[in-house]
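S.K.: Before we start, here is the structure in question, set down as structure tokens.
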Amino acid sequence: MLAKEVVDVIHSPWCFIEALEERYKKELEETWAIRIREFNIWDIGDEKMNHLPHHISQEVKKLRDPHNLEMRWHAGGSIFFLNGERLNVSSSLKWPQIEKILEERRGKGEN
């Protein structure tokens, strides 16, 4: 089954608890017909910014902006996007929330 949707994740450099194990990642991709792309903000240098999906590069720029007082991403966690749209999920158990969002979008029983 081809991936219908893309889940992008920007991981905090201080907390990788939400980074998936490869087995679980593959299972989620197959179950939900999604593609999961993970980005570690520490691995993104300025030279890579033009090669990232636009929404990821824009978010990284915001996160790095010392004058952006709205961004409070200092203590960990991950930022999730579905098809380029930032998701508003609570700080705990984010992957189950992503699955619930996918389920709600597709209607119960469709995956």
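The values are calculated or read from the model by the stated rules, or taken from the named source; none is laboratory data. From a predicted model like this one, the values you see are computed outputs, not experimental measurements. Ideal geometry is used to build each Cβ from the backbone, glycine not excepted, and the neighbour counts take in all protein chains shown.
S.K.: I need the full set of residues from the range 74-84 which are crowded, with 16+ Cβ neighbours inside 10 Å and either modelled with pLDDT of 90 or more or not hydroxyl-bearing (S, T, Y) (or both), in order please.
M.R.: Across the range 74-84, the qualifying residues are G77, I79, F80, F81, L82.
S.K.: Inside the range 32-67, can you point out the residues that are hydrophobic (A, V, I, L, M, F, W, C), without any contact (Cβ under 8 Å) to a residue 24 or more places away in the chain and not in a loop (DSSP other than H, G, I, E, B)?
M.R.: Correct list: M49 only.
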